[in-house]
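One structure is given here, and the rest of the page talks about it.
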Amino acid sequence: MKMHLPLWRWSLRSPAAKAIMVMVLFLIFFHIFRLREFRNLSLNKIPSVDSSTSAPKHPIDQLIYEHRLRYEELVKRQSRSPEEAIANYKIRYRRNPPTGFADWVQYALQQNSTIIDDFDTIEKVLAPFRQLGPKRLKSRIESARRTGSRLQTVSIKNGTSSVEGSPMLNSLKHLLTKLPDMTFLLNELDEPRVIGSDSDKDDIIFRDYGRKPSWEQLTASCKKTDSGGLKIRRSKDSDPPNEDQGDKTSLEVQQDQEPRFLESTSQSLDLCLNPSYQDQYGMFTSPCTFLATEGLVPIFSVARVSTMRDILIPGHDYHDASFLSNDDLDPLNFTSKDNKLYWRGSNTGTYASSQMKWETNHRARFLLKVQNINKTDLFDVGMTAYIQCDWTVCEAMREAFGLPPRAGKGDSYKYKFVMDMDGNGYSGRFYRLLRSNSVVFKQTLVEQWHDDRVFPWVHYVPVTIGLDEIEHLVKYFSSGGQGARQAEEIAAESTSWMKAALRPVDMTIYEYRLLLEYASLFDSGDTS
């Protein structure tokens, strides 16, 4: 034995032996960490995502891979106790949480909320009002009450609400005693109301911007920048971006670079970065209804575009049991469905008059795009009603697109891929489609309450406003192989996530926290 001891000691000092020992220890540690991680996720019933595959080659695979990693990180980092949540809140926002926050955390944990810390949407929508102070906020709310129509004034006092029947207040009925006294304005329309470009004026005046171009008003607050635009992922054989684009800040307008896939949905929603949107979306060319103020006043709305200042709450349709009834479940598994992209709907989003080009309506542009592609093996789309238009314009659209029978709720379940688009505002069918066993292709320009918890390329496939990539997307996911496997996983993940993070109680949790944060805007000792 003594003869071999020096040799053994020498071998441990050799670089090769040290490298082997480090690798063995790393593998042991990694194995233990992954087992613990898996156990924690399983105990909390959080949907798992397999991102352990090797680095993908196709740009769509790469986008899916990257967004799954971000999704996993969101799920893992949430607090597990009120004390931890308070500490994380102070780090994230550099202030103390609002009164009642610990009770809110306890309630969210009791309801098995998958999200505790990541409510940055609330921080974003309330940020413009934090600088005004309680007195000016109250003055502007009172001014809006006098001059604005289709606004409900809601007062909560001593655990009782002055208004009943709204989806939001019905959701919060059992929690009103936990809320501070407050007054807020609730928008009755689907369209947003607060342009907010004139933030210094205390007199709130509402104007009717309907049936005429609204782009100039909506982008008045945009700062001039020399660069920006959408982040687009290209395939390896596509041309490099043209650096000499002048003022064209959106890569969507570069028609000679295909395919391209949407990487950053936050940038795609930003009107200031995308001047090409001016003639591509109904709300910008001729909104059907648009009663808004350029002043800055807190109004609760179900959706908004990026330059507006409405405070976001869950859509009324998402609270409606008829939209998410358990009797309306998708009975088909993914692999048994028709291998096409399906859409039915009306031409909402615009009032199409004879003085405008109806082709600028985003829904009409989608149908025109599919007609130009002319591949019935990839698409099954149709316009089932023509409304919000002059008679001659309605007839022109009907002649262009025909009039297939109106679709039933369950008709979309027959297809592997379903298109979801904005109408006059947000899409009320989005949650029902996410819950189905199909892949949702989503085109949108509206911000909503769930934007920081619903992930593109994980829960749905994002589609640009320009639609240039739509054929490539359908081909990739419908052609078998890796694309088909990715599609099946997205369909399963969206259904699972709906049950974990987009439940009715998750909307209640969001609204509960939003009202605590909103009430804190008035905490300064001012009792006027």
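The values are calculated or read from the model by the stated rules, or taken from the named source; none is laboratory data. Being a predicted model, the structure only gives us computed values, none of them experimental. Counting neighbours? That spans all protein chains shown, and the Cβs are built from the backbone with ideal geometry, glycine included.
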Of the listed residues (Thr177, Thr183), the one being out of contact with any His (no Cβ under 8 Å at 6 or more places or on another chain), β-branched (Val, Ile, Thr), over 30 Å from Leu273 (Cα atoms) and surrounded by 16 or more Cβ atoms within 10 Å (Cβ to Cβ) is Thr183
Filter the stretch 443-486 down to the residues that are under 20 Å from Thr121 (Cα atoms) and of a type in the set (Lys, Arg) and list them by number. Arg453
Would you mind stating whether Ser149 is assigned to a loop (DSSP other than H, G, I, E, B), polar (S, T, N, Q) and surrounded by fewer than 15 Cβ atoms within 10 Å (Cβ to Cβ)? yes
How many residues are within 13 Å of the chain's Cα centre (by Cα) and either assigned to a strand (DSSP E or B) or free of Cβ contacts under 8 Å to residues at least 60 places away in the same chain (or both) when one looks only at the stretch 414-429? 3
Among the listed residues Thr160, Thr99, Thr114, identify the single one that is β-branched (Val, Ile, Thr) and either in contact with a strand residue (DSSP E or B) (Cβ under 9 Å, 6 or more places away or on another chain) or closer than 30 Å to Tyr476 by Cβ (or both). Thr114
Per the filter on the stretch 474-490, residues of a type outside the set (Gly, Ala, Ser) and closer than 14 Å to Lys340 by Cα are Val474, Lys475, Tyr476, Phe477, Glu488
Residue pairs meeting the criteria (Cβ under 8 Å; at least 6 apart or on separate chains; first at negative phi, in the stretch 368-381; second basic (Lys, Arg)): Asp377/Lys340; Leu378/Lys340; Leu378/Lys475; Phe379/Lys340; Asp380/Lys340; Val381/Arg344
On the basis of being at pLDDT below 85, in contact with an Asp or Glu (Cβ under 9 Å, 6 or more places away or on another chain), surrounded by fewer than 18 Cβ atoms within 10 Å (Cβ to Cβ) and hydroxyl-bearing (Ser, Thr, Tyr), does Ser235 make the cut? yes
Go through the stretch 477-527 and report how many residues are modelled with pLDDT under 95 and acidic (Asp, Glu). 2
Applying the selection to the stretch 54-93, what residues are within 23 Å of Ile122 (Cα to Cα), free of Cβ contacts under 8 Å to residues at least 40 places away in the same chain and surrounded by fewer than 17 Cβ atoms within 10 Å (Cβ to Cβ)? Glu73, Lys76, Arg80, Ser81, Glu83, Glu84, Ile86, Ala87, Lys90, Ile91, Arg92, Tyr93
What are the pairs with Cβ atoms under 6 angstrom where one residue, in the stretch 398-412, is closer than 12 Å to Ser346 by Cα and the other, located anywhere, is assigned to a helix (DSSP H, G or I) and of a type outside the set (Ser, Thr, Tyr)? Sequence gap at least six, or different chains. Phe401/Leu367
Given the conditions (1) surrounded by fewer than 16 Cβ atoms within 10 Å (Cβ to Cβ); (2) at pLDDT below 95; (3) assigned to a loop (DSSP other than H, G, I, E, B), and given that Gly410 satisfies all but one, which numbered condition is not satisfied? (3)
